[in-house]
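Working notes, beginning with the structure itself.
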Amino acid sequence: MKGNNDMRRPLVAGNWKMNGTQEGVIELIDGIKSGLDGINVEVLVCPPAIFIGLVGARLEGSKVKLGAQNICQQPESGAFTGELSAAMLTEFGCRYAIIGHSERRHVYGESDKLIAERVAAAVAGNVTPIFCIGELLEERENGTTEQVIAQQLDAVLNLDNGIVLLKETVLAYEPVWAIGTGKTASPEQAQAVHAFIRSHLAKQDEALAAGIKILYGGSVNAANAEKLFGMPDIDGGLIGGASLKVNDFLAVCKAAG
Ligand code: PEP
């Protein structure tokens, strides 16, 4: 385990985004299930919400875990059109939710404050947040990557129970310029930010910093996964495009093992 820490067992999470048909989803999940023998990592799939029930039923008895692509900041029922609560997700076996993905931040305008509320609601409802953070290209180019990452982290860290929440959270560092673009951060670039994240958290709580799982995301594929996952502070990946093809996703899972 990274840092001799059992909590940091590698995790590979597939973010299927808004892709798939009933037939395609069944083919994908059956292919993933049947190819995982001998691959010793945690595997998670996050289908579009409409397929959560279908995929959950197909995953019964399998080690593959189920997640959602977002979660409402309100844990129970209410007037939140278009949203899904933690209670709804857990009823269908969803124990993870991606929160603060760059597409939610930049296409739908979700703020740091809203994202922090979503993280809190997930933890309160027994759903593990996959809390995404990452800088835009212009922020990297003007040298403010660490400032941006710190601000995104602080939105949760500075809540009254921020440290407790982050102890129940998986982080995903996803440089926005690398998502879906085919441009990956080099292993060294990714490692530098992951190390910064741990050092930032360590100022508040060393155990949190050492134990938190931090995934890398951004054009991870079968060819680049092994080097990225070999870096000391990278504990697996959040995978978009390559999670939609059985063989590519299995190769990435294997690289994490
Ligand atoms: C993502 O959507 O989180 C992602 C990392 O996508 P891709 O792997 O396609 O860059």
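Of the listed requirements (1) closer than 30 Å to P232 by Cα; (2) open to solvent by less than 50 Å² (accessible area, probe 1.4 Å), S85 misses just one: (1).
Can you give me the ranges of the helices (runs of 4 or more DSSP H) entirely in segment 89-161 with at least 2 residues that are farther than 24 Å from D205 by Cβ?
Qualifying helices (runs of 4 or more DSSP H): 102-106, 137-141.
Among the residues of segment 153-169, the ones that are open to solvent by 30 Å² or more (accessible area, probe 1.4 Å) and polar (S, T, N, Q) come to 2 in all. Would you check if there is a residue in segment 136-143 being open to solvent by 30 Å² or more (accessible area, probe 1.4 Å), in contact with a Leu (Cβ under 6 Å, 6 or more places away or on another chain) and either of a type outside the set (F, W, Y) or at pLDDT 95 or above (or both)? No; the residues of segment 136-143 include none that is open to solvent by 30 Å² or more (accessible area, probe 1.4 Å), in contact with a Leu (Cβ under 6 Å, 6 or more places away or on another chain) and either of a type outside the set (F, W, Y) or at pLDDT 95 or above (or both). Sort out which residues of segment 37-63 are modelled with pLDDT under 95 and either under 14 Å from F249 (Cβ atoms) or not in a loop (DSSP other than H, G, I, E, B) (or both), and write them in order of number. Passing the criteria: only I39. A single member of A210, A172, A223, A195 is over 28 Å from A121 (Cβ atoms) and either in contact (Cβ under 8 Å) with a residue 60 or more places away in the chain or open to solvent by 50 Å² or more (accessible area, probe 1.4 Å) (or both), and it is A223. Considering only segment 232-257, state which residues are away from the ligand (no atom under 11 Å from the Cβ) and touching a Lys or Arg at 6+ places or on another chain (Cβ under 9 Å). If the condition is that a residue be away from the ligand (no atom under 11 Å from the Cβ) and touching a Lys or Arg at 6+ places or on another chain (Cβ under 9 Å), then P232, D233, I234, D235, G236, A255 are the ones that fit. The number of residues in segment 37-51 being open to solvent by 10 Å² or more (accessible area, probe 1.4 Å) and either on the phi > 0 side of the Ramachandran plot or aliphatic (A, V, I, L, M) (or both) comes to 5. In segment 85-102, the qualifying residues are those that are within 13 Å of the ligand (Cβ to nearest atom), in contact (Cβ under 8 Å) with a residue 40 or more places away in the chain and touching a helix residue (DSSP H, G or I) at 6+ places or on another chain (Cβ under 9 Å), and the one that is farthest from T128 (Cα to Cα) is S102. Give the residue that is farthest from V43 (Cα to Cα), with candidates limited to residues of segment 201-231 that are within 15 Å of the ligand (Cβ to nearest atom) and in a helix (DSSP H, G or I). Once the filter is applied, the top-ranked residue is L228.
Taking the conditions (1) within 22 Å of I214 (Cβ to Cβ); (2) touching a residue at least 60 places away in the same chain (Cβ under 8 Å); (3) open to solvent by 10 Å² or more (accessible area, probe 1.4 Å) in turn, V12 satisfies each one other than (3).
The values are calculated or read from the model by the stated rules, or taken from the named source; none is laboratory data. Keep in mind it's a predicted model, so treat the numbers as computed, not measured. With ideal geometry, Cβ positions are generated from the backbone for all residues, glycine too; neighbour counts draw on all protein chains shown. To get the accessible areas, we keep the full protein, side chains included, count just its heavy atoms, and leave off ligands, DNA and RNA. Shrake-Rupley method; radii C 1.70, N 1.55, O 1.52, S 1.80 Å.
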